[in-house]
1. Can you tell me which residue is surrounded by the most Cβ atoms within 10 Å (Cβ to Cβ) among those in the stretch 19-50 that are of a type in the set (Ser, Thr, Tyr) and not in a helix (DSSP H, G or I)?
2. Checking the condition closer than 29 Å to ARG239 by Cβ and not in a strand (DSSP E or B), which residue from PRO316, PRO359, PRO345 passes?
3. Tally the residues that are over 23 Å from ASN492 (Cα atoms), under 29 Å from the mean Cα position of the chain (by Cα) and open to solvent by 50 Å² or more (accessible area, probe 1.4 Å), restricting the search to the stretch 428-455.
4. Got a number for residues in the stretch 152-201 being of a type in the set (Lys, Arg) and in contact (Cβ under 8 Å) with a residue 40 or more places away in the chain?
5. Being open to solvent by less than 10 Å² (accessible area, probe 1.4 Å) and not in a helix (DSSP H, G or I), is that true of even one residue in the stretch 367-390?
6. Of all residues in the stretch 334-366, which are open to solvent by 60 Å² or more (accessible area, probe 1.4 Å) and among the acidic types (Asp, Glu)?
7. Are there any pairs, at least 6 apart or on different chains, whose C-beta atoms fall under 8 Å, with the first in the stretch 105-116 and under 11 Å from ARG71 (Cα atoms) and the second in a helix (DSSP H, G or I) and of a type in the set (Val, Ile, Thr), and if so, which?
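The values are calculated or read from the model by the stated rules, or taken from the named source; none is laboratory data. The structure displayed is predicted, hence computed values, not measured ones. Heads up, the Cβs are rebuilt from the backbone with ideal geometry, glycines too, and the neighbour counts pull from every protein chain shown. For the accessible areas, the whole protein counts, side chains as well, though only heavy atoms, and no ligand, DNA or RNA atoms are used. Shrake-Rupley method; radii C 1.70, N 1.55, O 1.52, S 1.80 Å.
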Amino acid sequence: MDGTLVDTERLWWEAVEHVAAGLGRSLTEADEEDVLGRPVEHTAEMLSRATGAPFTEVAADLHREFADRVRSGVVARPGALRLLDALAADGVPTALVTASPRVIADLVVEGLGAGRFAVTVTADDTPRTKPAPDPYLAACRALGVEPASCVAVEDTRTGVSSAEAAGCAVLAVPSLAPIAAAPGRTVRESLEDVTPAGLRDMITTREAPEASDPSDLPGPSDRPESSDLPGSSDPRELRVMSWNLWFGGTKVRHYREKQLKIILESGVDVIGLQETYGTAARELAEALGWEYHQAGENLGVISRFPITGRLGAADPGFYGGTGVRVTLGPDQDVVLWSAHLDYTPYGPYEASFDGLAGPELADHESVRLGQVREILAAMAPDLAARDTTPVLLVGDFNAPSHLDRDDSEWPVTRAAEEAGLRDSYREAHPDPVRSPGHTWSPVHTDHEDGSGRPEPQDRIDYVLYAGARLKVLDSRTLVTGAPRTWPDVEDNDWPSDHAAVITTFSLGRVVRSD
């Protein structure tokens, strides 16, 4: 609806911008992922977390500001009403699928003419909204059609992810943020030249995935297999996550359900896991219908794409690294290593609490430096072939970056850089003051010893990469909800003591000459 059918995406951005300004925060391009195509509650959580304002008040302000702008009059997007009329004339049933709440959707539909849609699905109507597939599957069920026989018209990456996960072909008409073309996805500047015949062509010419069953809304185990996902045979983007699960998530009630919800809503493709508590990689992968690699009790990788090789020791110990080769499609492999380095002695504590500086801090990184050098040595054959097969090293390094702090050499991340790995978060956000990207810690604000000393906040989790075929499109840290601080954490929505890191890459193809 917003930005596709009517010109409300800008109204929504303006409403969020207005509320954020009132809280002393300015929106930037980096906020698009948390604003565009997102439900009110998601954006309210983001602003509440960033400013400390009560969630309920922020959500109410967003609802009010957006509704006021919608009531003042919305304008249909170019070609939208003409296309709806042409579909009606051809007897093609249509559904409105939106992440906006019912009260907003009803205002828009009333303004355009209530008879234009056979079905409306809003954020209030499914357990999960976009980017999960639930809304599109619910619409298909209500229309009595298969997702593979449908075209979803979307204007945001969040909406595209939702529709493609459900099994629909996608016509993307970007409003504010660009969307890349991909198999099963067509991108147009507007709807002005789109016809019912053109939409039918999108169905008949695509390689349709195995049809989803629209009779039931999906639970976590209902995700399509990786080979059934539209575009998975030849992806143009890859979304990679690093996540320390914190004793597998067991400090928080219903942790496994919360982990699955976070994974599905983030739209990630491959996750390097730490602190898997022995079984997390297998259990998460089985629930998602993904593939997994578990290395010892602490490290794992899960992937919606096939894992076609396992690298490194079968059990690297509690600290160390493990790797996999993931096949994305023909001539499309990536290698991903997940690492967890020792946390003692912890440099930020020594700097903040003990007054160490410079050479002493660097000397005390020797344990972690030795560990990362061992991992890099194991990765050496992969790094040598990085321009053919891209390489990723993700994980919890338990060490700040030399790109963030100048009080020491911080040799662990420098060693990775010298091996040819680049820091994706700093590629996307070069200024560490403006975008610190702290991953330690969303639940520790005071030191655990009870002294009342503030806990040092640092970026210690990374998605590093190497290879000419990878280009960073976006990188961000992720924490959901408004986590309570330690020890009152058992009811948190976020089941970890680390923020996760998610990087979206564009993935070029190998060009071969015979």
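1. Going residue by residue through the stretch 19-50, those that are of a type in the set (Ser, Thr, Tyr) are 26, 28, 43, 48.
Add one more test, that the residue is not in a helix (DSSP H, G or I), and what stays is 26, 28.
Values: SER26: 8, THR28: 10.
Among them, the one singled out is THR28.
2. On the way: PRO359 fails: closer than 29 Å to ARG239 by Cβ; PRO345 fails: closer than 29 Å to ARG239 by Cβ.
Going through PRO316, PRO359, PRO345 in turn, the sole match is PRO316.
3. 4
4. Final tally of qualifying residues: 2.
5. yes
6. Passing the criteria: ASP354, GLU360, ASP363.
7. Partner pairs satisfying both residue conditions: LEU107/VAL70; VAL108/VAL70.
Condition check ((1) modelled with pLDDT of 95 or more; (2) of a type in the set (Lys, Arg); (3) open to solvent by 10 Å² or more (accessible area, probe 1.4 Å)) across all residues:
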position	(1), (2), (3)
TRP246	yes, no, yes
ARG253	no, yes, yes
ILE271	yes, no, no
GLY278	no, no, yes
